[in-house]
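Take a look at the structure below.
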Amino acid sequence: MRFEKINFICTVFLSAFLLFQVQPVIAKAILPLFGGAAAVWITCMIFFQTLLLLGYLYAHWSVSRLTPKHQAITHSSLIALSLLSLPLSTGTAEIFPIAESPLLQILLILLISVGLPYFLLSSTSPLMQAWHARTHPGAGTYRLFALSNMASLFGLLAYPFIIEPYFSLKNQLLWWSAAYILFSVASVFINFGEFRRTLQNAPNKNILETERGAAPSFHNKALWLLLAGCASALFLSVTSYLTQNVAPAPFLWILPLSIYLLSFVLCFDRDGWYRRGIYVWLTAFALTAMSYALVEWGHTTDIKFVISFFCCGLFICCMFCHGELAARRPAPKYLTVFYLMISAGGALGGIFVGLLAPKLFSYYFEFPIMLTVCGALLFSVNYRRWRIADIVCFAVIIRLVAATAIYMYSYSDNTILMLRNFYGTHRITEYNKGTADEYRILVHGAITHGVQFTAPDRRSEKNGYYAESSGIGTVLRLLPESARRIGIIGLGSGILAAYGQSGDIYRFYEIDRQVITLAATEFSFLSDSHAQIDIIEGDGRLSLSREPKQKYDLLIADAFSGDSVPVHLLTLDAVKLYFSHLKPDGILALHITNRNLDFSFMIERISTALGKHAVIVSSAEEPDRKIYETDWVLMFSDSSMFETHEIKRIGKKITAKPGVRLWTDDYSSLFQVLK
């Protein structure tokens, strides 16, 4: 009996560990194919939550409709079939063209590469618990659910701290495949072992016939669905908020999801972790504080504090939602129904944030809306004829509704156009209307991506991150005065075209079609430029890899996802590609301005590895002229460029940082470049 219990525990643990370990691995593998967009992770979560629902649905159907013998045969056959998917790979990605909204392409890639293994892993926990309840009645079946969530949490936390820093992406995929084979063997062993024990104990009885308990009501099922959906949508909203304002990095995907899972572990491990009398006040405070922060902080508060603040608030809200779920769990007889409703709620939360919200809202308004929904649930589950707690919860709802309205209005103030697509939100804001200082700004998420004064005599001014005093302004003065061939990854408002002269060719690479449209219709840099302007739609690096050698005098990497450069544009392989498109005396300019990440150490490692020479040029802010503080890295093949007067005057060599591991397409970790 002891061996059987250990086998159950180990199989449930391994399946849950692999279930959540594969999420950041596969998401990171496909991230470069879609421009490093933060929405890649949200799309992956929609896929994973939907397959989790299907896995729970399969477990419920199997336990309810099949005999133990047929359960063992069906499940073992599917496991054997899933082994054909190994080793795990994203090689099928090249089959699908990259479109303006690549959500379908991501889902298809995930389905082909990891669909069946993930489906079977997701069904393991409810199936094992059902079999355990059948042959080991009264033996703490629901604690296996806490165990599976604990294993999931370990799987997630192991990725940024152990797996990503020390293993290449190729090896991550290989070791996961090997561990899945081990899980398959253990799972098949349990399948037929449980079948034999069932025949010995109750050869003709199904779990539905041997267990007793009141059937859950429609009200209970609806509440399970709402509580699970609210927690899921909140954690995805927080993830989206953080990744859009920092970087679409695995550790910022993992942190909110780990908090989400930890609340599951605590609430289902034992009843003492969640106490309604305490959490009603904690949740009311957390909701009020987060709604205040969204409205009042803007984007000036230290991001490390913002991450900590919103993650603490998320933990409290998830503890409330999952604590109420645990308090309403049914008898083991109905556990597959219970898990089915939880997974359905999780999938609906993901669909709302990932699919519906981008269609319904022109900005990330789903976050304050879900805070309001959580407040309504807090009031409904605690209502007891208007006690003090009820009055406080109702007041919180009023505060949340008001904060949501204020938040929405704040993003319409001075806004003349607001659009949203897979790659994020784009706003055109206008200030000092009707004056000589009138200007408009292109904002992606919360980050300014272009500024232009609208007065005819000022609209050609170079400002923002691209002033003549900046690194990019300096390097453009070093180039020949005519017939310059310049490649630019990232379009923004098109301000770099203002440097164009007659005879120049400026080729912009831009993945987001909305940005191309906005640069052409809301700003005049492209139309006013004296240079020939070419715009190539698609990810800049992928486009360069498919083109013949361009022989650029200057290649500029100026693409950002939120506040961060996509990692795949700053690897050793990427820089090799850039120099293959430059003339022998050509210059590579990398824009690395960031509030939270310092990429200069990594670029120094890359330049040393390639035998190149790099300097960093930092320029100061000039608020009156709308010039921002910037950091540009200039990289050359010819060391004589260091001797030019301009470079000596403003550039400085990058200080090496010991212990920094070189980034390649097969390895990267943003922990190395955190400020």
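The values are calculated or read from the model by the stated rules, or taken from the named source; none is laboratory data. Fair warning: this is a prediction, and the values are worked out from it, not measured in the lab. As a convention, Cβ positions derive from the backbone with ideal geometry for all residues, glycine included, and neighbour counts pool all protein chains shown.
A quick yes/no check of all residues on (1) modelled with pLDDT of 90 or more; (2) under 28 Å from M128 (Cα atoms); (3) in contact with a Pro (Cβ under 7 Å, 6 or more places away or on another chain); (4) assigned by TED's automatic domain parsing to the domain that holds C321:
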residue: A179; (1), (2), (3), (4): yes, yes, no, no
residue: N201; (1), (2), (3), (4): no, yes, no, no
residue: L223; (1), (2), (3), (4): yes, yes, no, yes
residue: L227; (1), (2), (3), (4): yes, yes, no, yes
residue: L234; (1), (2), (3), (4): yes, no, no, yes
residue: T243; (1), (2), (3), (4): no, no, no, yes
**OP:** Give the residue, chosen from A589, A656, A614, A609, that is touching a residue at least 24 places away in the same chain (Cβ under 8 Å) and assigned to a loop (DSSP other than H, G, I, E, B).
**Re:** A656
**OP:** Would you check which residues across region 307-361 are without any contact (Cβ under 8 Å) to a residue 24 or more places away in the chain and more than 30 Å from N596 (Cα to Cα) and list them?
**Re:** L356, K359, L360
**OP:** Could you list, in sequence order, all residues of region 372-388 that are assigned to a helix (DSSP H, G or I) and either on the phi > 0 side of the Ramachandran plot or of a type in the set (S, T, Y) (or both)?
**Re:** T372, S380
**OP:** Consider R399 carefully, then state whether it is basic (K, R), farther than 17 Å from P358 by Cα and in a helix (DSSP H, G or I).
**Re:** yes
Subject >> Selection status of R65, in the same structural domain as P165 (by TED's automatic domain parsing) and modelled with pLDDT of 85 or more >> reply: yes
Subject >> Selection from region 388-404 of residues that are within 13 Å of V373 (Cα to Cα) and not hydrophobic (A, V, I, L, M, F, W, C) >> reply: R399, T404
Original post:
Within region 398-418, which residues are surrounded by 16 or more Cβ atoms within 10 Å (Cβ to Cβ) and under 28 Å from G538 (Cβ atoms)?
Top reply: M418
Original post:
With (1) crowded, with 17+ Cβ neighbours inside 10 Å; (2) touching a residue at least 40 places away in the same chain (Cβ under 8 Å); (3) closer than 30 Å to E366 by Cα as the list, and R513 as the residue in question, which single condition is left unmet?
Top reply: (1)
Original post:
When both residues are 6+ apart or on different chains and their Cβ atoms are under 6 Å apart, which pairs have a first residue that lies in region 465-482 and is in the same structural domain as R595 (by TED's automatic domain parsing), and a second that is aliphatic (A, V, I, L, M) and assigned to a loop (DSSP other than H, G, I, E, B)?
Top reply: G473/A467
Original post:
Hey, among A559, A520, which residue is over 23 Å from the mean Cα position of the chain (by Cα), aliphatic (A, V, I, L, M) and outside any strand (DSSP E or B)?
Top reply: A520
Original post:
Could we say that F309 is surrounded by fewer than 21 Cβ atoms within 10 Å (Cβ to Cβ), over 29 Å from F145 (Cβ atoms) and at pLDDT 90 or above here?
Top reply: yes
**OP:** Give region 519-532 a look and list any residue that's more than 20 Å from L442 (Cα to Cα) and buried (at least 18 other Cβ atoms within 10 Å of the Cβ), or say none.
**Re:** A531
Original post:
Quick check: anything in region 567-582 in a helix (DSSP H, G or I), closer than 27 Å to Q501 by Cα, free of Cβ contacts under 8 Å to residues at least 24 places away in the same chain and over 20 Å from the mean Cα position of the chain (by Cα)?
Top reply: no
**OP:** Can you tell me which residue among G345, G354, G349 is buried (at least 23 other Cβ atoms within 10 Å of the Cβ) and closer than 22 Å to L127 by Cα?
**Re:** G345
Original post:
Out of the residues in region 610-665 that are acidic (D, E) and exposed (fewer than 15 other Cβ atoms within 10 Å of the Cβ), which is farthest from R477 (Cα to Cα)?
Top reply: D624
**OP:** State whether one or more residues within region 476-484 are outside any loop (DSSP other than H, G, I, E, B) and either modelled with pLDDT of 95 or more or among the small types (G, A, S) (or both).
**Re:** no
Subject >> Residue among D631, D624 that is under 22 Å from E468 (Cβ atoms), outside any strand (DSSP E or B) and assigned by TED's automatic domain parsing to the domain that holds R541 >> reply: D624
Subject >> Answer residue from region 444-477, given it is of a type in the set (G, A, S) and farther than 17 Å from I616 by Cβ and is surrounded by the most Cβ atoms within 10 Å (Cβ to Cβ) among those >> reply: G450
Original post:
Within the group T448, T404, which residue is in contact (Cβ under 8 Å) with a residue 12 or more places away in the chain, within 26 Å of the chain's Cα centre (by Cα) and within 30 Å of G277 (Cα to Cα)?
Top reply: T404
Subject >> Condition check for A38: crowded, with 21+ Cβ neighbours inside 10 Å, touching a strand residue (DSSP E or B) at 6+ places or on another chain (Cβ under 7 Å) and under 24 Å from A228 (Cα atoms) >> reply: yes
Subject >> Residues of region 380-397 classified as surrounded by 20 or more Cβ atoms within 10 Å (Cβ to Cβ), under 16 Å from G277 (Cα atoms) and hydrophobic (A, V, I, L, M, F, W, C), total >> reply: 1
**OP:** Among residues belonging to region 666-675 that are surrounded by 18 or more Cβ atoms within 10 Å (Cβ to Cβ) and touching a strand residue (DSSP E or B) at 6+ places or on another chain (Cβ under 9 Å), point out the one that is nearest to E621 (Cα to Cα).
**Re:** V673
Original post:
Taking region 97-143 on its own, how many of its residues are among the aromatic types (F, W, Y) and modelled with pLDDT under 90?
Top reply: 2
Subject >> Cβ-Cβ under 6 Å pairs, at least 6 apart or on other chains, region 175-195 side crowded, with 18+ Cβ neighbours inside 10 Å, far side at pLDDT 95 or above and not hydrophobic (A, V, I, L, M, F, W, C) >> reply: Y180/P117
**OP:** Would you mind telling me which numbered condition in (1) at pLDDT 95 or above; (2) surrounded by fewer than 23 Cβ atoms within 10 Å (Cβ to Cβ) T283 fails?
**Re:** (2)
